[in-house]
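Undergrad: I am attaching a structure below and will ask some questions about it afterwards.
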Amino acid sequence: MSKQIVPMELSDIFEKTFTLIGKTFFRNLIIALLFLGLPLILMAIAADDFSSSIADLQETIKNAHGESIFDVFISMLETLSFFGAASLLLMLGSLLAEIAISVVVSEELMSYSISVTDAIDETFSGRWLHGIGQALLKIAIVAGAAIIVIIAAVMLAVVSKLLMVLFVLICCIGLVPLMLNVFLKWYFSLTAVAVDDMTAVESLRGSWDLVTGYWWRTFGILFLFSLIMQLVITIVSLPITFGSMWDAYREYFTILGKTGGKIDPVTMKNLEASFGPGISIGTGVSALLTLLIAPVYTVVMYFDLRARSQAPAQSYSTPALQDPSSIDFDRM
Amino acid sequence: MTVNPAETQNPREPLALDGSWERAGRSSAAAAFLGFLIVGVVYFHAQAIIGVIFFLIDTAGHHISLHGKTFIEQLTRMTMAMKGPMRIAVFVSQFLCMLLPTLWIVKHWHSTNVASYLRLNRFSVPEIILAASVTICVLPFNDYIGDFFIERLKIPDFLSRINEQLFTSYSSEELIWLLVVVCLTPAICEEILFRGYVQRTLERTLGMKSIFITGVIFGLYHMRPINLLSLVILGVLFGFFFYRSRSIFPGMAAHFVNNLFAVLALYKTPDDRPALEVFTYKPTAAGVIAAMCIAGILLTVYYFYTKENEE
């Protein structure tokens, strides 16, 4: 039986998030691996190529003449394109995985259990298009605003350079809080797509309406969650990254021991070139952990905000409190 | 007042679970993870800030050059300059930003009877001696694991020495200060957070599994990948003492002894030679195995000695 979600206290939000992470962990991990597996492998190859080509370019600039530099530069552009494509694929994979994970979590929150295949089916039933749509809309609006500012700055520059500098300065000071405000209000748009199957435009509007009136509360909770997530990612990914860079570190320490700490720049650059795969694995683990945590608290907060917007007159002071005498201590 | 007899150290003194988290009937496992993460976030950020503040106070009025010809020279100068402030930062932040938030969480979320919840109210000298003895016997094995990774990674000696500077003392005054900062402070603060709070809270739903989970969290929290395995082993050991004895003190004693041996091994004369040779002794593989066998026997004794604590 599904249950009615009531507005939650901060402790309820945290408790539900942790409980849901536990309940949906393996399903979410499978989804994350399915969507991120290939992009992460491609990213690792691209990062390896990229770090090698940077080392090649530096070496060529130092030793060779124009033609060789041009060749290396072209090869670096190819590597960059590959890196860009892999990054784009990773972003797309993350977006799709976030939708599927949000579906799993939202169903679990409503006391339904949904399988991985059903969650993926739901994702590809149209939500994925709306998800990409809302992301493109956000990018277009931000890019549009930036283009307007640039055009205005160029026009002002024709009149007076001082005016242009002042304008850019005012824009920078004003734009930061404005962007923060706007992005926070759109924070739940992808969740709205996943949970309520909204279209791209509806999701942006829906998210905006939900956050309005609860901006500081939402900001504070998201800030707390980001700090907590950062700690989890750091302590978990550190040994994994270290292990994946084992050979590179051993080589580094060996040279360090032989030279007494005086490594010549060429050797250092060659070493840096071998750091690529290890760094990619670290990035992959971080991306994976982010996917396993962030959508969960976003969904819980989305339900809380939705409950608040539906019952504005309700008192939220102690919604989940139980009579102490009714607590079942046997389960503790 | 609602009490749960199964929650107590002593059935005659029931523990009241009257905190807000308990009254709302929320998950205790979620509380354990959330509590650890909140304290962790506060502690790590505070330690960095306090470290910088004390570094600025320490260097105020006189110029300290951090520049060196090589990276190693710079690293050495930086480590030496940061050593004092970091020790103060560890001391202050462990008490203010690890212990206090933990006590606050226990009192407000779980029980107003904080001492009882954290199992701070049972003291058994034989259990403490046994726990400390087991830890001493496990030390060579942990050193062996650490050395194994250092050797495989080919970490040069000068880098290891730089890394050890925070725990190295060159005078009796410095040694006493290190005993407070490195031995006593973590034995109290980390044990109250990890065993007293995290393991205690997880134990309520997960039973013995809580020992291993808390041990892994304890290892990860130190953020020292080379020592991860040793730290997890120690964490599990301290957790076992806590679980069996229903008291936090054997774990505290074991933690203190473990850190004490590390500090004494790094107590040096002004000309950089070990002041207490006996603590720098590296046993052979056979010695390590023998020590582990003794640890096993002592653990078995500990197990049977603490049988009376089983509910």
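Undergrad: Which net charge results when you count Lys and Arg as +1 and Asp and Glu as -1 among the other residues whose beta-carbon is under 13 Å from that of B:Glu191?
TA: Within the 13 Å Cβ shell, the charges total +2.
Undergrad: Only counting other Cβ atoms within 10 Å, I'd like B:Thr79, A:Thr17, B:Thr214 sorted with the fewest neighbours first.
TA: B:Thr79, A:Thr17, B:Thr214
Undergrad: Still on this model: Choose one answer from B:Ala290, B:Ala46, B:Ala32: the residue with the largest mean-square fluctuation in a GNM of chain B with alpha-carbon springs under 10 Å.
TA: B:Ala290
Undergrad: Just add up the charged neighbours of B:Ile150: K/R +1, D/E -1, any other residue whose Cβ is under 15 Å from the Cβ of B:Ile150.
TA: Neighbour charge sum, excluding B:Ile150 itself: +1.
Undergrad: Another question, then. Once phi is turned into ³J(HN,Hα) by the Karplus curve 6.51 cos²θ - 1.76 cosθ + 1.60 with θ = phi - 60°, what whole-Hz value does each residue of region B:189-200 show in order, with x for glycine and proline?
TA: Per residue, the Karplus-derived 3J(HN,Hα) values read 5, 5, 5, 5, 6, 6, 7, x, 9, 4, 5, 4 Hz.
Undergrad: Apply the Karplus curve 6.51 cos²θ - 1.76 cosθ + 1.60, θ = phi - 60°, to the phi angles in region B:158-172 and return the couplings in whole Hz, x for Gly and Pro.
TA: 4, 6, 4, 5, 4, 4, 7, 3, 4, 9, 8, 10, 10, 8, 5
Undergrad: Next up: On C-alpha positions alone, give me the angle between the axis of helix A:215-244 and the longest principal axis of chain A, in degrees, nearest 10.
TA: Its long axis makes an angle of about 50 degrees.
Undergrad: To one decimal place, what Kirkwood hydrodynamic radius in Å is obtained for the protein assembly as shown from all pairs of distinct Cα atoms?
TA: 28.4
Undergrad: Taking trypsin sites (Lys or Arg not before Pro) as exposed when DSSP calls them loop (any state but H, G, I, E, B) and at most 12 other Cβ atoms lie within 10 Å, what is the longest stretch of chain B free of them, the sites themselves excluded?
TA: The answer is B:70-311.
Undergrad: Just want to confirm a number: the relative contact order over chain A, from Cα pairs under 8 angstrom separated by 6+ residues, in percent.
TA: 32
Undergrad: From the residues B:Val232, A:Ser125, B:Leu34, which one has its Cα farthest along the dipole of the protein assembly as shown in the positive direction, the dipole being from +1 and -1 charges on Cβ of Lys/Arg and Asp/Glu about the Cα centre?
TA: Projecting each Cα onto the dipole axis, the largest value belongs to B:Leu34.
Undergrad: Next question. What order do you get for B:Glu151, B:Glu73 when you list them from fewest to most C-beta neighbours inside 10 Å?
TA: With the sparsest Cβ surroundings first, the list reads B:Glu151, B:Glu73.
Undergrad: Compute the angle between helix B:285-305 and the longest alpha-carbon principal axis of chain B, please, reported from 0 to 90 degrees and rounded to the nearest 10.
TA: For helix B:285-305, the angle is close to 20 degrees.
Undergrad: Relative to the longest principal Cα axis of chain A, at what angle does helix A:200-211 sit, 0 to 90 degrees, rounded to 10?
TA: Once rounded, the angle reads 70 degrees.
Undergrad: Counting alpha carbon pairs within less than 8 Å and at least 6 residues apart, what relative contact order, in whole percent, applies to region A:162-208?
TA: Value for region A:162-208: 33 percent.
Undergrad: What does the helix-only formula give at 222 nm for the protein assembly as shown: each DSSP H stretch with n ≥ 4 adding -39500 (n - 2.57), the total divided by the residues, and the result rounded to the nearest 500 deg cm²/dmol?
TA: Computed ellipticity for the protein assembly as shown at 222 nm equals -24500 deg cm²/dmol.
Undergrad: Across peptide B:21-33, how many C-beta atoms of other chains are within 10 Å of each residue C-beta, on average?
TA: 6
Undergrad: Determine ³J(HN,Hα), in whole Hz, for all residues of region A:43-51 in sequence, where each value follows from phi through the Karplus function 6.51 cos²θ - 1.76 cosθ + 1.60 and θ = phi - 60°; x replaces Gly and Pro.
TA: These are the phi-based 3J(HN,Hα) values: 5, 4, 5, 5, 5, 5, 4, 5, 5 Hz.
Undergrad: Cut-off under 17 Å on the C-alpha distance; same-chain residues fewer than 8 positions from A:Lys185 excluded. Which lysines are left, in chain and number order?
TA: Here the lysines satisfying the reach criterion relative to A:Lys185 are A:Lys138.
Undergrad: Right, here's the next one. Testing the spin-label approximation: label points 7 Å from Cα along Cα→Cβ at A:Gln230 and A:Lys161. State their distance in nm.
TA: Inter-label distance under the simple model: 3.9 nm.
Undergrad: Amide H of A:Met198 versus every other amide H placed in the peptide plane: which residues, excluding those fewer than 5 positions away on the same chain, fall under 5 Å?
TA: So A:Met198 has HN proximity to A:Val193.
Undergrad: Direction-averaged shadow area of the convex hull around the Cα atoms of region B:27-309, nm²?
TA: Over all viewing directions, region B:27-309 projects a mean Cα-hull area of 16.2 nm².
Undergrad: For A:Ser52, B:Ser230, A:Ser75, which order do you get if you count the other beta carbons within 10 Å of each Cβ and list the fewest first?
TA: The order, fewest Cβ neighbours first, is A:Ser75, A:Ser52, B:Ser230.
Undergrad: Still on this structure: Starting from one equal scatterer on each C-alpha and no solvent at all, send me the Debye-based log10 I(q)/I(0) for chain A at q = 0.09, 0.11, 0.14 Å⁻¹, two decimals.
TA: -0.67, -0.92, -1.20
FYI, it's all coordinate maths here, none of it is from the lab. All values reported here derive from a predicted model rather than from experimental measurement. Heads up, the Cβs are rebuilt from the backbone with ideal geometry, glycines too, and the neighbour counts pull from every protein chain shown.
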